[in-house]
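FYI, it's all coordinate maths here, none of it is from the lab. Please read all numbers here as calculations on a predicted model, not as lab measurements. Cβ coordinates were reconstructed from backbone atoms using ideal geometry, including for glycine residues, and neighbour counts include every protein chain displayed.
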Amino acid sequence: MPPAPRHLRHCLAALCLLLPLASAAQDSRNAYLRQFDTDGNGCVSEAEYVAYMSRGFEQMDRNHDGVLEPDELPGGHGKPVTLKEWQDNLRRQFRRLDRHRNGCLDAQELTAPPG
Ligand SMILES: [Ca+2]
Ligand SMILES: [Ca+2]
């Protein structure tokens, strides 16, 4: 699988700054998971992951046209990103995080550095 385009990696890196990685005590991991886990079953499905992470897109899409133009991207440059491209990238990210391949992320998988 080809690496994500550079501008997407930048966006995702910006989102990952929200992760409490440095102080990833189990409590904060679980609190983080609960933000994603809308059905409360203790793990994050692909749909829950994409829905939650898409909020980042909506917050950055200041003119709400469904496209992140360069001036809406972190750093103010890069190729425009559509919501579909953003979500496709999130699904790839989800599959990388799902190390147990059970279609659901536990707190440990969710807070692991992407890679
Ligand atoms: Ca869930
Ligand atoms: Ca836009």
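What to note about this one:
- Distance between the pseudo-spin-label points of LEU83 and SER54 (7 Å out from Cα toward the beta carbon): 0.6 nm.
- Taking label positions 7 Å along the Cα-Cβ direction at both ASN102 and GLU69, the computed distance is 4.6 nm, reported to one decimal.
- Around ASP98: net Lys/Arg minus Asp/Glu count, Cβ-Cβ under 13 Å: +2
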